[in-house]
Amino acid sequence: MARTTLHSQSSRLAAVQTPVIPVVGRWIAETPGTISLGQGVVSYGPPPEAIEAARRFGYALTDHRYGPVEGLPALVEAIEGKLAQENSIRVRGSSRVVVTAGGNLAFVNAILAVTDPGDEVILPAPYYFNHEMAIVIAGGRAVAVPTLRDYQLDVQAIADAITPRTRAVVTVSPNNPTGAMYSAESLRAVNALCGDRGLFHIHDEAYEYFTYDGVADFSPGAIDGASAHTISLYSLSKAYGLASWRIGYMVIPETLWDAVNKIQDTLLICPPAVSQHAAIAALQIGRPYTSAHLPELDGLRRLIFEALGAPDVPCDVPPAGGAFYYLVRVHSTLDPLVLTERLIRNHQVAVIPGSAFGDTAGCSIRISYGALRPESVAEGVGRLVSGLRAEVSL
Ligand SMILES: Cc1ncc(COP(=O)(O)O)c(C=O)c1O
């Protein structure tokens, strides 16, 4: 009997971009000695206290059972204290905290909770690729709205992009991939716009501690009257060097709890308990753990700006006051993916093509300086400068 052909993958998924990091990772593996200014991770590991907490885990039978969907009460309480003290966000009453398996799952929870298939979500571009991917996976439409020349928000363009199908506007500050810190004024404007137009404002603060030049991070969730329409996302991956432990959290309006409860109960059941215990210990150390690394990161930030800003390097470097990224505009008509491959294979330095972040207008590349020791960054930037000179003049 003839067999019916197996259906291929869902057409929704066929429309999702292929993750670029593994592609770049393969080129790096094929080019020994490459210095990676690619993946957005930090150079340091977690606080020893977090590792110690993990070591103490597992002796009680309850350690091995499912826990609450929204996270262990002790962790939720620690997060609430941190939010009140550092972000001026008062949880309880109109909003609540949900611990997630990293900021990425928090975003997926948010999108599934507020959209139906076909709905639109506005992403200022360049955007963090997993945000766009999550929206498409959920059956939504990611509406990219260009930022200004300095990668700041274009609030008028965001307002103009709103349609009857729009459900949310996403902002990320400090930003990945640009390193931009959005002004408090523009974040207030977006938040007010969302409130007025009946939209959710989803704000990602994964890099909240990574700010320079004395500029403080601003949390739109703290604005009076914002809690009913604001979803704030956080991560322990960067701040505490806990990327593989998969702990993040979200602050959601109380009205979304039923929806998020259903989603997280299905996708995760509960955040991994051992990681939650490590997270409690990390939060007890708190912000100073990250702050201790900032002078070194700031030094690298300045070094890169000066090296790539030299007049004979064929690129523009918009200033970046946060995170650990630059999104550099290269004076070239090359496809940025092609340029990335050439930089790796011919010059042994890796970057991420701007096209992965929806920056399709020209040839841009993202440089990450979080993961390397200063000596390697200096050497990597030297290779990048000579690589750009060589590849762009060809
Ligand atoms: C803006 C932004 N949000 C979220 C994440 C994901 O963080 P997590 O490891 O907590 O899922 C990243 C990671 O690069 C990021 O850049």
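The values are calculated or read from the model by the stated rules, or taken from the named source; none is laboratory data. Model, not experiment: these values are computed from the prediction. Please note: Cβ atoms are built from the backbone with ideal geometry, for glycine as well, and neighbour counts cover all protein chains shown.
List pairs: first residue in segment 130-147 and over 15 Å from Gly354 (Cα atoms) and within 14 Å of the ligand (Cβ to nearest atom), second residue part of a loop (DSSP other than H, G, I, E, B) and of a type outside the set (A, V, I, L, M) anywhere in the structure, Cβ distance under 7 angstrom, at least six positions apart or on different chains.
Taking only residues 6 or more apart or on different chains, the pairs are Met133/Gln17.
Given the options Ala144, Ala157, name the one that is aliphatic (A, V, I, L, M), surrounded by fewer than 18 Cβ atoms within 10 Å (Cβ to Cβ) and part of a strand (DSSP E or B).
Going through Ala144, Ala157 in turn, just one is aliphatic (A, V, I, L, M), surrounded by fewer than 18 Cβ atoms within 10 Å (Cβ to Cβ) and part of a strand (DSSP E or B): Ala144.
On the given criteria, is Ser275 modelled with pLDDT of 95 or more, out of contact with any Pro (no Cβ under 9 Å at 6 or more places or on another chain), closer than 19 Å to Tyr128 by Cβ and within 13 Å of the ligand (Cβ to nearest atom)?
no
Can you give me the number of residues within segment 256-272 that are touching a Ser or Thr at 6+ places or on another chain (Cβ under 8 Å) and buried (at least 18 other Cβ atoms within 10 Å of the Cβ)?
Adding up the residues that qualify gives 2.
For segment 58-88, which positions are assigned to a loop (DSSP other than H, G, I, E, B) and either touching a residue at least 12 places away in the same chain (Cβ under 8 Å) or crowded, with 18+ Cβ neighbours inside 10 Å (or both)?
Correct list: Gly58, Tyr66, Gly67, Pro68, Val69, Glu70, Gly71, Leu72, Ser88.
Within segment 238-255, which residues are surrounded by 22 or more Cβ atoms within 10 Å (Cβ to Cβ) and touching a helix residue (DSSP H, G or I) at 6+ places or on another chain (Cβ under 7 Å)?
Those that are surrounded by 22 or more Cβ atoms within 10 Å (Cβ to Cβ) and touching a helix residue (DSSP H, G or I) at 6+ places or on another chain (Cβ under 7 Å): Ala239, Tyr240, Leu242, Trp245, Ile247, Gly248, Tyr249, Met250, Val251, Ile252.
Answer yes or no as to whether Val99 is at pLDDT 95 or above, within 16 Å of the ligand (Cβ to nearest atom) and under 20 Å from the mean Cα position of the chain (by Cα).
Yes; evaluated as a whole, the condition is true for this residue.
Pull out all pairs, ordered by first then second residue, where Cβ-Cβ is under 9 Å, the residues are six or more apart or on different chains, the first lies in segment 5-30 and is free of Cβ contacts under 8 Å to residues at least 40 places away in the same chain, and the second is aliphatic (A, V, I, L, M) and exposed (fewer than 13 other Cβ atoms within 10 Å of the Cβ).
Hits for this filter: Ser8/Ala14.
Restrict the check to segment 240-256 and report whether at least one residue is closer than 27 Å to Gly195 by Cβ, more than 16 Å from the ligand (Cβ to nearest atom) and hydroxyl-bearing (Ser, Thr, Tyr).
Within segment 240-256 (the criterion being closer than 27 Å to Gly195 by Cβ, more than 16 Å from the ligand (Cβ to nearest atom) and hydroxyl-bearing (Ser, Thr, Tyr)), the answer is yes, since at least one residue qualifies.
For residues that are of a type outside the set (A, V, I, L, M), more than 9 Å from the ligand (Cβ to nearest atom) and assigned to a helix (DSSP H, G or I), tally how many sit in segment 102-128.
Residues meeting the conditions: 1.
Just give me the residues in segment 284-293 being closer than 20 Å to Arg90 by Cα and surrounded by 20 or more Cβ atoms within 10 Å (Cβ to Cβ), in sequence order.
The answer is none; no residue qualifies.
Return yes when Pro174 is in contact with a strand residue (DSSP E or B) (Cβ under 6 Å, 6 or more places away or on another chain) and within 16 Å of the ligand (Cβ to nearest atom) and no when it is not.
Against the criterion (in contact with a strand residue (DSSP E or B) (Cβ under 6 Å, 6 or more places away or on another chain) and within 16 Å of the ligand (Cβ to nearest atom)), Pro174 qualifies.
What residue, of Ala168, Ala243, is modelled with pLDDT of 95 or more, under 18 Å from the mean Cα position of the chain (by Cα) and more than 23 Å from Ala323 (Cα to Cα)?
None of the others qualify; the one that does is Ala168.
Under 8 Å between Cβ atoms, which residue pairs at least 6 apart in sequence (or on different chains) link something in segment 169-189 that is farther than 22 Å from Tyr369 by Cα and of a type outside the set (Ser, Thr, Tyr) with a partner that is more than 12 Å from the ligand (Cβ to nearest atom) and part of a helix (DSSP H, G or I)?
Val169/Ile158; Val169/Val190; Val169/Leu193; Val169/Cys194; Leu187/Pro220; Arg188/Pro220; Ala189/Val155
Can you tell me how many residues in segment 330-363 are under 19 Å from Val381 (Cα atoms), within 22 Å of the chain's Cα centre (by Cα) and surrounded by fewer than 19 Cβ atoms within 10 Å (Cβ to Cβ)?
The number of residues fulfilling the criteria is 1.
Please go through segment 200-217 and pick out each residue that is of a type in the set (A, V, I, L, M, F, W, C) and crowded, with 22+ Cβ neighbours inside 10 Å. Break it down into steps so the answer makes sense when it comes.
Here is the first cut: in segment 200-217, the ones of a type in the set (A, V, I, L, M, F, W, C) are 200, 202, 206, 210, 215-216.
Within segment 200-217, Phe200, Ile202, Ala206, Phe210 qualify.
Quick one: Ala134 ticks every box in (1) within 21 Å of Val190 (Cα to Cα); (2) in contact with a Phe, Trp or Tyr (Cβ under 6 Å, 6 or more places away or on another chain) bar one, so which box is it?
Failed condition: (1).
How about segment 319-367: which of its residues are assigned to a helix (DSSP H, G or I) and either among the charged types (D, E, K, R) or farther than 27 Å from Arg141 by Cβ (or both)?
Scanning segment 319-367 gives Val338, Leu339, Thr340, Glu341, Arg342, Leu343, Ile344, Arg345, Asn346, His347.
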